[in-house]
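Working notes for the structure below.
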Amino acid sequence: MTQALASPPPAAAALAHDEARWLAPLYPLPRLELVRGRGARVWDAAGEEYLDFTSGIAVNALGHAPRGLAAAVARQMRELGHCSNLFANRPAAGLAGELVRRTGYERVFFCNSGTEGVEAALKFARAHAAARGRAGRDFVAFRGGFHGRTGFALSTTWTPAYREPFEPLVPGVRFGEFNATDGLDTLIDEGVAAVIVEPVQGEAGAVPATPAFLAAVRARATAAGAVLVFDEVQCGLGRCGRLLAAQHYGVRADAVVLSKALGGGLPLGAVLLTAELAAALRPGVHGSTFAGGAPAATAAAWTLARVDRPQFLARVRRRGEQLAAALAALAARRPSLAEARGLGLLRAVALAPQAPFGPAEVVAACRDLGLLVTRGGERAVRLLPPLVVTPEEIGEAVARLDSALTRLETSGAEQP
Ligand code: PLP
């Protein structure tokens, strides 16, 4: 078990000092230094072991250092590393073909991150509306949704604290109530170019859309002639037990944004598109220097081939049910918890309104007990184990969360 960060070893203190001295202060410091990982476990600089239920925020689908990935990327790097989009490379074309074959979409646009994928998807949608002679250029997004930190993506992200410092943002964004079917007719009208929604809201704390809501959004977008974009940056690529989370719902969007787990730990994003939507942007209108580079595409193809297997995804669903049941039992027993929620291995526990502590205290207490988790929304703690997590590791993680809550419930910590 690890000690609290209050008395870090000298090397950690030096790193913390350097980070505070040299980095722009955008992340809470000091932070735990990780030096090594394997599967669902990581080790810090002092040699302490942790169960990692953050997975690099839903990136490390196959856990830390999956056997074979480094060799595949190194082989590609020795042959051809970066060459830019001035030239073709076989790994990217092959990956695009695999994504098309496995999802039924017709075209792929590569980028480097989730936010870039959202930017691109919304650009495709606006250009598509213009190409069809539609007047509508607005976007509809939903409360609680998180789509990224760049212009279009931030404008459609709900959290006011993320948006307000940068206003004025992209105009013409309307926010609706997530999971409310009433009012969609007026929210999504002919003035709307695109509707963007996460089938399972990740940053908000693993909040799944209801089937009725997603179906109603699809129907209303179609009726209004708006493009429907699913942001599956966090919930996609097997995290919820299907390659795309939307497959749980039987609802299909016109475009899907993937990132996080796609690149196997290297930065990569992809927008899956219908052929009609893809044709809305002409050559040169949008692009990126690094996007679809051979090394990242190699890592992605390697990851995709392992995640998108029926037996693997069935196991993710079983593990998800195990984690859901254990968290539901905890929520029923713990006065500080209001509920457990999520889908597949994208899970959260929400703190009860009367809990005398917040998610940050839970994250810190879990870390002290050798479990890494992260906040979700204002009052929840997210659990994002790698998709290769074992039943024993799930049991161990929930036991540590339980101990962390015992510690907090009995210590009478003040609300932050
Ligand atoms: N969309 C969703 C649903 C996300 O969860 C995130 C990041 O957490 C993003 C978009 C932005 O992705 P990135 O941080 O790679 O830009």
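Values quoted throughout were computed directly from the atomic coordinates according to the rules given, and no laboratory measurement underlies them. Values in this document were obtained by computation on a predicted structure and should not be read as measured data. Cβ sites come from the backbone with ideal geometry, for glycine too, and all protein chains shown count toward neighbours.
Quick notes on this structure:
- The chain - charge dipole about Cα centre, Lys and Arg +1 at Cβ, Asp and Glu -1, debye rounded to 20: 1140
- Once the Cα-Cα distance is subtracted from the 0.36 nm per residue extended length, the Ala130 to Val285 segment shows a gain of 54.4 nm.
- Inter-centroid distance (Cα atoms) of segment 203-241 relative to segment 58-127, Å: 22
- Formal net charge of residues neighbouring Ala245 (Cβ-Cβ distance under 11 Å; K, R +1; D, E -1): -1
- Net charge dipole size for segment 99-201 [Lys, Arg +1 and Asp, Glu -1 on Cβ; Debye, nearest 20]: 480
- Gaussian network model of the chain, Cα within-10 Å springs - most flexible of Pro168, Pro91, Pro356: Pro168
- Unit charges at the beta carbon, dipole of the chain: most positive-side option, Phe357, Gly133, Thr410: Gly133
- Relative packing of peptides 191-200, 319-328 - highest average C-beta neighbours within 10 Å first: 191-200, 319-328
- Compactness of the chain was expressed as the Cα radius of gyration divided by 2.2 N^0.38 Å, which yields 0.98.
- Computed over the chain: relative contact order in percent, which uses C-alpha pairs under 8 Å that are six or more apart: 21
- Within segment 341-367, backbone nitrogen closer than 15 Å to the virtual label 7 Å beyond the Cα of Glu321 toward Cβ: 343-345
- Dipole in debye (nearest 20) - segment 69-307, about Cα centre, beta carbon charges: Lys, Arg +1; Asp, Glu -1: 720
- Positive-end residue, the chain charge dipole about Cα centroid, Cβ charges, pick of Leu272, Ala340, Pro30: Leu272
- Counting every alpha-carbon pair across segment 109-170, the share separated by more than 14 Å comes to 57%.
- Of the DSSP H helices in the chain, those that are both long (alpha-carbon extent of 27 Å or more along the helix axis) and hydrophobic (Kyte-Doolittle mean at least -1.0) are 310-333, 391-411.
- Packing around the peptides 181-187, 137-143, taken as the average count of other Cβ atoms within 10 Å per residue, puts them in this order, highest first: 137-143, 181-187.
- Sites Ala71 and Ala399 - FRET efficiency at Förster radius 41 Å, r taken between beta-carbons, to 0.05: 0.70
- If you take all other residues with their beta carbon under 15 Å from the beta carbon of Glu49, and give Lys and Arg +1 and Asp and Glu -1, the sum is -3.
- Taking 0.36 nm per residue of sequence separation and removing the Cα-Cα distance, the Val35/Val170 pair yields an extension gain of 44.6 nm.
- Applying 1/(1 + (r/R0)^6) with R0 = 30 Å to the Cβ-Cβ distance of Ala212 and Ala305 gives a FRET efficiency near 0.30.
- The packing ranking of peptides 237-247, 357-367, 333-343, 80-90, highest mean first, is 237-247, 357-367, 333-343, 80-90, where packing means the average number of other beta carbon atoms within 10 angstrom of each residue.
- Computed per residue of the chain from DSSP H runs no shorter than four, each worth -39500 (n - 2.57), the mean residue ellipticity at 222 nm is -12000 deg cm²/dmol.
- Taking segment 275-319 and a reference point 7 angstrom along Cα→Cβ of Phe87, the backbone N atoms nearer than 19 Å belong to 288-299.
- Net charge, Ala12 excluded, C-beta distance under 12 Å - Lys, Arg +1, Asp, Glu -1: -4
- Relative contact order (percent, whole number), segment 296-377, Cα cutoff 8 Å, 6+ residue spacing: 18
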